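The values are calculated or read from the model by the stated rules, or taken from the named source; none is laboratory data. Given the structure is predicted, the values throughout are model-derived calculations rather than measurements. All Cβ positions, even for glycine, are placed from backbone atoms using ideal geometry, and neighbour counts span all protein chains on display.
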Amino acid sequence: MLSSAPDPMSPTPLSVTSRYQACAEEAHWSVVKTILKYLKMTKDMFLIYDGGELILEGYGDASFQSDDDDAKSQSGFVFKLNGGVVAWKSSKQDITTDSTTEAEYIAASEAPKEVVWMKNYIQELGMVPSIVEPVVIFCNNNGAIAQAKESRSHHRFKHILRCYQILREMVSRGDVRMDRVSSAENTTDPFTKPMLQITHTQHLDKMGLRSMGDWV
C-alpha cells in the first residue's frame, strides 16, 4: 500500500498492513477499512507551525519484537519544525534484536540519515541560524542514548554497531545530540504501536495537527 497524503498518522498502519498484500484475509481487509474511515474522519485536520525562531528537533522510538511472525521490531522517527512535523517514517526493522535497547538504538539510527539532507537544505535557505548547532534527537531509552554517546564493550551489541554506526559518527561530529524524553512525551510513539484513542489524540496535538473547526 502506498500513501502520498501528508498525514503523519497513516504510515504505521500502512506499514503493517502492506506486509499481507500477497496473502490478505478478511481480517486484513477490515483493518484497511478502518484506515480509510480514519482518513475520512481526519480530512479536515491540518498542520500548524508556531512563530518565532525556527527550531528543528527529532524523535526516535521502537516497539520491541512487535511482529508476531518474525519477532522483528517496528521503528519510527519524527522531525518537528516549530511544533509541526515536517518528516516522519514508520517501518519494520531489517534485523531481529535481542533487547529493547538494541531496537531503540536502531530506531534512533534511522533519524540521523534524515538529518543530513535536512540540515543541508535548511542551511541553503539561510533562514535558521540555529541549524549549525547539533540537532537534538529525543529517545526514551537510556541504554540507547549511552551507546550513541560512547560505545560500550559488549559482545551482544557489536553486530548492531557495525550496521548502524552512523548515529555514533554524527554524535561525535556534533551534527546530532541525543537527549532523553519520557515515553509519554515521545512524539514517535504512534509510529511504532497501536494506542488508545485518548492517547492518540494527545499525540496528534504534539505533532501540530489541528482540526479546522478549532481555527475557523
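Would you check if residue 93 is modelled with pLDDT under 90, in contact with a strand residue (DSSP E or B) (Cβ under 7 Å, 6 or more places away or on another chain), more than 21 Å from residue 182 (Cβ to Cβ) and buried (at least 19 other Cβ atoms within 10 Å of the Cβ)?
Numbers: modelled with pLDDT under 90: yes; in contact with a strand residue (DSSP E or B) (Cβ under 7 Å, 6 or more places away or on another chain): yes; more than 21 Å from residue 182 (Cβ to Cβ): yes; buried (at least 19 other Cβ atoms within 10 Å of the Cβ): yes.
So residue 93 passes the test.
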- Residue list for region 92-134, restricted to those being over 17 Å from residue 65 (Cα atoms) and basic (Lys, Arg): 113, 119
- Note on the structure: Restricted to region 176-211 and to residues being among the aliphatic types (A, V, I, L, M) and in contact with a helix residue (DSSP H, G or I) (Cβ under 8 Å, 6 or more places away or on another chain), the residue surrounded by the fewest Cβ atoms within 10 Å (Cβ to Cβ) is 195
- Message: Being exposed (fewer than 11 other Cβ atoms within 10 Å of the Cβ) and at pLDDT 85 or above is the filter here; which residues of region 128-173 pass it?
- Response: 173
- Message: I'd like to know if region 15-28 contains one or more residues that are modelled with pLDDT under 80 and at positive phi.
- Response: no
- Task: Find all pairs meeting these conditions: Cβ atoms under 9 angstrom apart; at least six residues apart or on different chains; first residue within region 100-114 and over 13 Å from residue 175 (Cα atoms) and in a helix (DSSP H, G or I); second residue among the aromatic types (Phe, Trp, Tyr) and modelled with pLDDT of 85 or more.
- Result: 100/64; 102/64; 103/64; 104/64; 107/77; 108/77; 110/77
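For every residue, the table says whether it meets (1) aliphatic (A, V, I, L, M); (2) modelled with pLDDT of 75 or more.
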| position | (1), (2) |
| --- | --- |
| 8 | no, no |
| 11 | no, no |
| 30 | no, yes |
| 58 | no, yes |
| 78 | yes, yes |
- Filtering region 55-79 for residues that are within 14 Å of residue 139 (Cα to Cα), buried (at least 20 other Cβ atoms within 10 Å of the Cβ) and touching a residue at least 60 places away in the same chain (Cβ under 8 Å) leaves a count of 10
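Just to be sure, is residue 105 of a type in the set (Phe, Trp, Tyr), surrounded by fewer than 22 Cβ atoms within 10 Å (Cβ to Cβ) and out of contact with any strand residue (DSSP E or B) (no Cβ under 6 Å at 6 or more places or on another chain)? If you could, list the steps in order and put the result at the bottom.
On the way: of a type in the set (Phe, Trp, Tyr): yes; surrounded by fewer than 22 Cβ atoms within 10 Å (Cβ to Cβ): no; out of contact with any strand residue (DSSP E or B) (no Cβ under 6 Å at 6 or more places or on another chain): yes.
No: the conditions fail for residue 105.
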